[in-house]
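What follows is a short report on a single structure.
The values are calculated or read from the model by the stated rules, or taken from the named source; none is laboratory data. Computed from a predicted structure; not experimentally measured. We place every Cβ from the backbone using ideal geometry, glycine too, and count neighbours over all the protein chains shown. Calculation scope for accessible area: heavy atoms of the full protein, side chains included, ligands and nucleic acids excluded. Shrake-Rupley method; radii C 1.70, N 1.55, O 1.52, S 1.80 Å.
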Amino acid sequence: MKTIQLLNQQQLSQPVAIALARHRVLRESHPCLPRRSASDFAARLGWMLEHGRVLALCESEDVLAYWASFRIDNFRNLGPGEYCPDWANGARVDLDVTTRIRCYRLLYREMAARAVSQGTPVHAISVYAYDEAVMEALSLSGFGRIVTDRVQTMADLQNMLSAATRQESAATIRLASGNDSAALCQFNGQLAQHLGASPVFLPAPRAWGAQEWHDWLHEDGNVALVAVQQGEICGYIKAEGSQFDVSYSLEDPANLSISGLFVAPELRGQQIARQLLAALVDYGLQQGRSFMAVDCETTNLEALGFWSRFFEPVNWSYERRI
């Protein structure tokens, strides 16, 4: 008989083993990602016990699947949300597809009832991109994709962004400095408008002010490159180290994470975005980084189309609003 249980610290060993096995499957398709240990996932699930809940679907004493989540008071500017990261859910890798789908749907039914009873109507979960069974389970339960985290090695990016393409120099690329803060602020404002408009409709996107840009540019590990055409900045790309709000599988000093890209609309189609990415790859290689990551809204058609040419998905994030 299958039962759903709320786990405690002494019952985490099987969910930890499931998390580790799933990460190993992920690394088969993305060997550039860092290795993880059982202690890594034990620490994270232990944190979840303190800040959220860990539910498990059990058969006798065996854990078949688990779903761990915590509350975010203002999730994506939508109000209270319950979020389950990609390391915080999983079914045993030896289970067949039909069983894995059923496990997730049963766990979500229990999680959703608990979340709604506590005034949390937005439910979100991130899942590894290779697990189509989980995606099917979520779509059948009313979820839709909202964000994807993607990765590529620096070496593969350099090969894709060929020297021939780089020579089609529609713009000059250089490192940004504090003196560029006002121009970066202006373009970031246009990006925020784009994210708030159709078809993205990101709730309440906010642009940085010039002082925020100035401060960010002077923080260790941060970098922005600007494209210049006829003496004027016409676009930028920015990147930093591993970020807290993307997949834990990407968290590593070898990662350079893209956190923004924008090109003036009237200049699109001139390969400027590609030039900016190529220059950022060169910068990353000079800094000793071995892979690059990016995340984007699935409803941002331009961004998803661009990043999908160069980066492979690590995970997909799903959302349901009650």
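Annotations
- Residues of the range 264-283 with amide N under 19 Å of the 7 Å Cα→Cβ point at S162: 270-279, 281-282
- Amide H within-cut-off set for C234, under 5 Å, with H built and near neighbours excluded: A227, V228, Q229
- Spin-label pair Q193-R109: with each label point 7 Å from Cα along the Cα-Cβ axis, the two points sit 4.9 nm from one another.
- For the range 232-246, putting each phi into the Karplus relation 6.51 cos²θ - 1.76 cosθ + 1.60 with θ = phi - 60° gives couplings of 10, 5, 10, x, 8, 9, 10, 8, 7, x, 3, 9, 5, 9, 10 Hz, in residue order, rounded to whole numbers and with x for Gly and Pro.
- Three-way shape label, the range 181-322, alpha-carbon gyration tensor, a/c 1.5: rounded
- Candidates D220, D156, D252, ranked by Gaussian network fluctuation over the chain, Cα under 10 Å, top entry: D220
- Nearest 10 degrees, 0 to 90: helix 181-196 Cα axis against the chain principal axis: 50
- Put simply, the amide H of S126, placed in the peptide plane, has neighbours under 5 Å in C84, D86, Y318, leaving out anything fewer than 5 places away on its chain.
- Per-residue ³J(HN,Hα) for the range 261-267, Karplus 6.51 cos²θ - 1.76 cosθ + 1.60, θ = phi - 60°, Hz, x for Gly and Pro: 8, 7, 10, 3, x, 6, 10
- 3J(HN,Hα) couplings calculated from phi for the range 5-16 with the Karplus curve 6.51 cos²θ - 1.76 cosθ + 1.60 (θ = phi - 60°) are, in sequence order, 10, 8, 7, 10, 4, 6, 10, 8, 4, 6, x, 4 Hz; Gly and Pro show x.
- 0 to 90° range, to nearest 10: angle between helix 301-310 axis and the chain longest Cα axis: 90
- Estimated Rh, the chain: Kirkwood, alpha-carbon pairs, angstrom: 21.0
- Residues of the chain: accessible area per residue with a 1.4 Å probe, Å²: 46
- Only helices enter this figure: runs of n ≥ 4 DSSP H residues, each worth -39500 (n - 2.57), summed and divided by the residues of the chain, yield -11500 deg cm²/dmol at 222 nm to the nearest 500.
- Amide H to amide H distances under 5 Å link V147 with T298, S317, where only residues 5 or more positions off or on other chains count and H is placed in the peptide plane.
- Percentage relative contact order, the chain, counting C-alpha pairs under 8 Å, at least six apart: 21
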